[in-house]
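Derivation of every value follows stated rules applied to the coordinates shown; laboratory data play no part. Nothing here was measured: the structure is a model prediction, and the numbers come from that model. Cβ coordinates were reconstructed from backbone atoms using ideal geometry, including for glycine residues, and neighbour counts include every protein chain displayed.
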Amino acid sequence: MGILGKIFTWWDGATIGTSLFSSMNGEHVGTDAQGNKYYRARKKKTVEGRERRWVIYDGANDASRVPAEWHGWLHGAFDDLPESNLPPAKIWEADYSPNATGTTGAYRPQGALERGGQRARATGDYESWAPDA
């Protein structure tokens, strides 16, 4: 993506301004399995009395790429870093899959226009409303 891309695009990683702000005012506190980097402000408390925290995505800026444990930390649900107190992964936990909404991989139920608009006929368990009944 070149220097112009980093100056003018915000949707694919951090812009130069965000990178500069993060290096001057932020403290890197961790990185998740997807490569997203998490920061907190060096100045500990803001006017509201909370610590400022943010994420710089490794790739597309998609909030669904933030794991649950880091989401809780970003929103101040707890103060400890998630990496320091994560429980072991459960066998039933699935790996991350990106949000496919708006892509060709999105779920389209039977009858959706993208699947031809054909659906099964009603089975008789539905009766339409009529105003005179």
- Query: Where does helix 16-25 land angle-wise versus the long Cα axis of the chain, in degrees 0 to 90, nearest 10?
  - Reply: 50
- Message: Going by amide H atoms built from the backbone, whose H comes under 5 Å of the H on residue 36, apart from near neighbours?
- Response: 58
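Order by neighbour count: 91, 16, fewest other Cβ atoms within 10 Å first, most last.
So the residues, fewest neighbours to most, are 91, 16.
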- Counting only residues 5 or more places away or on other chains, whose amide H sits under 5 Å from the amide H of residue 66 once H atoms are built in the peptide plane? none
- Item | In Å, descending, principal axis extents of the Cα set of the chain | 68, 40, 39
